[in-house]
């Protein structure tokens with residue numbers, strides 16, 4: 001349970017930063033069949049935070065907030081796609097984590113649609129949409145998407161390292 005709390009605490013911290021950044025993207029930039037409501041994990045984050053508090057006590061407050069990604073300028077769509085590559089793609093990793101936690105005595109089956117599987121049956125369609133949108137970018141936009149994706153991966157890596165090194169940040 002402590003390891004789960006540490007891993008998920010790190011994922012929540014990173015997701016909070018991505019959520020704040022995605023909310024800053026201008027409405028007209030949400031194209032390619034994506035909308036903030038389709039990619040947001042807000043409800044899952046809130047529910048998972050409550051569940052973690054029940055399991056392991058209050059989480060420490062994150063020092064990471066919006067501003068970690070530049071969502072201004074001419075490449076805002078490419079930046080968004082780079083972030084979504086990591087953010088929607090993390091749902092694929094969540095499926096692997098879900099297979100492990102299903103065996104824990106404290107696991108609750110009704111939780112499976114939350115943070116580890118927030119898009120439910122739509123995960124593969126959303127993932128495919130991100131990949132398809134990325135293939136249509138020109139070279140400059142692809143570079144911007146790659147920069148954003150690398151920043152997204154680094155944010156997740158650092159959040160996980162921080163939480164694992166302090167016993168889940170509790």
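No value in this document is a laboratory result; all are computed from the given coordinates. Just so we're clear, the structure is a prediction, and the values are computed from it rather than from any experiment. Neighbour counts run over all protein chains shown; Cβ positions are idealised from the backbone, glycine included.
Points worth noting:
- Descending by average beta-carbon neighbour count within 10 Å, the peptides 132-142, 95-105 line up as 132-142, 95-105, the highest first.
- Nearest 10 degrees, 0 to 90: helix 76-101 Cα axis against the chain principal axis: 30 degrees
- Once divided by 2.2 N^0.38 Å, the Cα radius of gyration of the range 78-170 becomes 1.26.
- The GNM of the chain, with springs linking C-alpha atoms under 10 angstrom apart, assigns the highest mean-square fluctuation among 54, 154, 19 to 54.
- Once the chain from residue 124 to residue 42 is taken as fully extended at 0.36 nm per residue, the excess over their C-alpha distance is 27.6 nm.
- Residue among 43, 123, 52 with the largest mean-square fluctuation in a Gaussian network model of the chain, springs linking Cα atoms under 10 Å: 43
- Gain upon complete extension [residue 35, residue 3; 0.36 nm per residue less C-alpha separation]: 8.2 nm
- Per-residue Cβ neighbour counts within 10 Å put 3, 87, 119 in the sequence 3, 119, 87, beginning with the fewest.
- Estimated Rh, the range 2-165: Kirkwood, alpha-carbon pairs, angstrom: 16.2 Å
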